[in-house]
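I have placed the structure first, in the form of structure tokens, so that the comments after it can refer back to it.
The values are calculated or read from the model by the stated rules, or taken from the named source; none is laboratory data. All of these numbers come straight from a predicted model, not from anything done at the bench. Here Cβ is always computed from backbone atoms with ideal geometry, including for glycine, and neighbour counts include all displayed protein chains. For accessibility, only protein heavy atoms count, side chains too; no ligands or nucleic acids. Shrake-Rupley method; radii C 1.70, N 1.55, O 1.52, S 1.80 Å.
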Amino acid sequence: MQKFSLKLIIFFVSFFILSFGVDKALAAPFITSASPASIISGTAFTLTINGSGFDKTSVITLGGQQKITDTTGTPFQLSTQILASDIPGTGFILVGVLSGSCNCSSNFVSIPVTSNTGYLTIKKESTGGTGSEVFSYTVSGPSGSFPVSVQTFGTSNLAQGSSGQRGPLSAGNYTILEDSMTNWNLGLVSCFNTVTGGSIGSLVTNGITITIGNGINAICTFSNNYGTIAPPPVIPPPPTTGSITVNKTITNYTGNGQTFGFTASSLYVLPKQFCQVTLSSSNTSGSCLLSNLQTGYSWHITETPVANWSSTP
């Protein structure tokens, strides 16, 4: 009788484990969000993953590489320390979770990566003179002090020139000063931030001071006229911007969630813009907004490839 009771107890304990414990252990992890929402390349930070189905076998993956993961929190949160060398480039990086309990992986979340350096381009517009002059500038900031020359081409009515893109420059404040030239008067000075799509900078004597960093590509334009009294320098209003809505629909998907990323780019010196949308088997259609797109230019929309997914016309 005692042997029969012992067998009965073992049977019910085994049944309980198989009915409840294994299902929970075999449940795939699922990510609902990741923090930070954006990353600056070349900097160290703590990556926190929120979701469900996490346990002591869970390992965070960053761009396909497994990271040492802190699993002492709740079944709904994981964290890991990311080194500056782990994020060398810009664009997007995929974050996921591997589970040793079910030998499976979670959905992936795409995090945009920007740069902690920036770039500077000096443009020149001039009226009067010969239409072919060389203007000189001194740029001073965290990357040191260096000279820049701009050759103009055109006629006495209008001549233009560009220094070309300089950088990468370390993040910080930079002052751009134009060297004085006999009979030339400095007029309008303006700088345009191609990342945010707006004017930046504070005017100083013979130039402007701007902040560079976090992927900023600053284009500064100096306007001069020959032999006339220049109007007071002013910063013009930012150019007109618009937006594009990207609609996304998926089929034949049974998972809990998948994030899709989209990029808007232009052939001209304009900032790329990004957006993303997460869809699931219960939510197969959605959209995201590509904003701060400067009007008057052609924009090309591309989708970030996702493993095991294919596009249909």
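A few points about this structure:
- Screening region 114-140 for residues that are buried (at least 17 other Cβ atoms within 10 Å of the Cβ) and closer than 12 Å to residue 177 by Cα and picking the one that is farthest from the chain's Cα centre (by Cα) gives 135.
- For region 271-295, filtered to residues that are in contact (Cβ under 8 Å) with a residue 40 or more places away in the chain and not in a strand (DSSP E or B), the residue that is least open to solvent (accessible area, probe 1.4 Å) is 271.
- Residue list for region 241-256, filter: of a type outside the set (A, V, I, L, M), closer than 16 Å to residue 310 by Cα and open to solvent by less than 70 Å² (accessible area, probe 1.4 Å): 248, 253, 255
- Selection of region 102-113 for residues being in a strand (DSSP E or B) and in contact with a Phe, Trp or Tyr (Cβ under 8 Å, 6 or more places away or on another chain) yields 110, 111, 112, 113.
- Region 47-101, subset hydrophobic (A, V, I, L, M, F, W, C) and part of a loop (DSSP other than H, G, I, E, B), residue surrounded by the fewest Cβ atoms within 10 Å (Cβ to Cβ): 68
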